[in-house]
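K.L.:
Handing you this structure, nothing more for now.
None of the figures in this text is laboratory data; all of them are computed from the coordinates on show. Being a predicted model, the structure only gives us computed values, none of them experimental. Note: ideal-geometry Cβ built from the backbone for every residue, glycine included; neighbour counts use all protein chains shown.
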Amino acid sequence: DTEVIATDVVIVGAGPCGLFAVFELGLLDIRAHLVDILPKVGGQCAELYPEKPIYDIPGFPLVTGQALVDNLLEQIKPFGPTFHLNQMIASVEPTGTAEAPRFRVTTDAGTVFDTKAVVIAAGGGSFLPKKPPIPGIEEYERGGSVFYAVRKMEAFRGRNILIVGGGDSALDWTLNLQPLASRVTLMHRRDDFRAAPHSVEQMRALVADGRMDMRLGQITGLKGENGKLAAVTCRDNDGGSFEIACDTLLPFFGLTMKLGPIADWGLNLHENLIPVDTEKFETSVPGIFAIGDINTYPGKLKLILSGFHEGALCAQKVHRYVYPDKRLTFQYTTSSSSLQKKLGVA
Ligand code: FAD
């Protein structure tokens, strides 16, 4: 039997808005679990522009994407949020009533939550791997031969691996898996890589030593039986074809953002965004909220500061669901000793 995690709130997405929602919920004694598909927190700030400066976070004349995320993590530490990374929220099923909502939330890694509210802070949607356009590839994904991420390196020990791509992920996994694998081949369309120069040098040295192979070309098809890969058929740049024997294929073609499973949760949607009211940031389903880039309302600006404000307001309504009998009084962190106790500073 799967263990069910009981919590007040599940936050879908650990981008800046999901992270700050932990703070606003925490001040109201509401516990949260955060789930993100990526192996790290920080959403777009950490994934797309960690080293770029942001100039419009109130009170920070300049802060990089990663520094903002690091500060948010520091700020929410007193509330001890639990992170479930590397997993996608796949389903959200209502199990309560409109007055007392409750949800059963499950991830694609098998984690199950029983929660009183859901805060969707899913940004531009799920970061999902771009897949090579090869018919029938799904069968090999299910068969344990094709992977778009490495969750446990040990699972690849002794395998004959073909890695495809020319960016940092392709090069990093080539170097990391080469010592474990029975053989690693790296294939890219051209002899020019977009990865860190040092990684490219290390890879070329391994090839020169005969400890791995590098090929130029593109995948055209997969060969095998019952989802077990035996070889990959390829085309070179002159139109010739060749085969590479392998039992494992790791294509690293980058990430794209798609709405993903959120489309199936019974919410009203507008052009892949979730309409909310601007008092509570609640969706068409009571108990499910949407904040940050994923929501829409008249005048919406896709800015981090808007998402912070939205988190503060949605927490007020979440409080009514979690503590239906408690009255909420407005307090400042500067002067409230009860808030300061929660923050561990009093
Ligand atoms: P995101 O940061 O998109 O995070 C959402 C997270 O949810 C992702 O990590 C995703 O993996 C996860 N997720 C989605 N679906 C699921 C699911 N089903 N299960 C689990 N996890 C899921 N904004 C500014 O205010 N100022 C700027 O200067 C600025 N500069 C920018 C520069 C660039 C290059 C870019 C790309 C954006 C910039 N932005 C800026 C926009 C800003 O980054 C976004 O507004 C902000 O990241 C939105 O935060 P979020 O938490 O709503 O979503």
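K.L.:
Once you list every other residue whose beta carbon is under 14 Å from the beta carbon of LYS280, what net charge do they have if Lys and Arg are +1 and Asp and Glu are -1?
P.N.:
Summing Lys/Arg as +1 and Asp/Glu as -1 gives -3.
K.L.:
Measure up LYS77/LYS116; LYS40/LYS152; LYS258/LYS317; LYS52/LYS130 against 26 Å on the Cα-Cα distance and list the ones that go over.
P.N.:
Too far apart for the 26 Å limit: LYS258/LYS317.
K.L.:
Go ahead and set up a Gaussian network model of the chain, Cα springs under 10 Å, then flag whichever of HIS309, HIS319, HIS198 fluctuates most.
P.N.:
Highest fluctuation among the options: HIS198.
K.L.:
Something else about it: Cβ neighbours within 10 Å, averaged per peptide: list 321-333, 150-162, 84-96 in order, most packed at the top.
P.N.:
On the way: 321-333: 11.2, 150-162: 14.6, 84-96: 16.8.
Top to bottom by mean Cβ count within 10 Å: 84-96, 150-162, 321-333.
K.L.:
Hey, can you list the DSSP H helices of the chain whose Cα span along the axis is 20 Å or longer and whose average Kyte-Doolittle score is at least -0.5? Walk me through the numbers on the way to the answer.
P.N.:
Values: long enough: 304-322 (26 Å, 0.25).
Span-like helices, by this rule, are 304-322.
K.L.:
Ranked highest first by average number of other Cβ atoms within 10 Å, how do 205-211, 284-290 line up?
P.N.:
Order by mean packing, descending: 284-290, 205-211.
K.L.:
Starting from the Cα gyration tensor of region 127-192, take the square roots of the eigenvalues, sort them a ≥ b ≥ c, and report rounded, prolate or oblate (rounded when a/c is under 1.5, otherwise prolate if a/b is larger than b/c, else oblate).
P.N.:
Details: a/c = 1.58, a/b = 1.09, b/c = 1.46.
Cα axes put region 127-192 in the oblate bin.
K.L.:
On to the next question. Placing +1 at every Lys and Arg Cβ and -1 at every Asp and Glu Cβ, with all other atoms neutral, what dipole size does region 114-192 have around its Cα centre, in debye to the nearest 20?
P.N.:
So the magnitude is around 120 debye.
K.L.:
Shifting gears a bit: Among LEU72, GLY344, LEU180, whose Cα projects farthest towards the positive end of the dipole of the chain, with charges put on the beta-carbon of Lys, Arg (+1) and Asp, Glu (-1)?
P.N.:
Sorting the options by dipole projection puts first GLY344.
K.L.:
Of the residues PRO298, PRO16, PRO81, which exhibits the maximal mean-square fluctuation in a Gaussian network model of the chain defined by a 10 Å Cα contact cut-off?
P.N.:
Top of the fluctuation ranking is PRO298.
K.L.:
Rank LEU128, LEU48, LEU25 by mean-square fluctuation in a GNM of the chain with C-alpha springs under 10 angstrom and give only the top-ranked residue.
P.N.:
LEU48
K.L.:
Once the dipole of the chain is set up with Lys and Arg at +1 and Asp and Glu at -1 on Cβ about the Cα centre, which of VAL322, ILE288, ILE244 lies farthest towards its positive end?
P.N.:
VAL322
K.L.:
Same structure again: Let's see if you can work this out: charge +1 on each Lys and Arg Cβ, -1 on each Asp and Glu Cβ, no other charges. What is the dipole magnitude of the chain about its Cα centre, in debye to the nearest 20?
P.N.:
Around 280 debye, computed over the chain.
K.L.:
Shifting gears a bit: Starting from the amide H of THR296, placed 1.01 Å from N in the peptide plane, find each other amide H under 5 Å away whose residue is 5 or more places distant or on another chain.
P.N.:
ILE274, VAL276
K.L.:
Here's a follow-up. Restricting to DSSP H runs of at least four residues, report the calculated mean residue ellipticity at 222 nm for the chain, -39500 (n - 2.57) per run over all residues, nearest 500 deg cm²/dmol.
P.N.:
Estimated from H runs of four or more residues: -7000 deg cm²/dmol.
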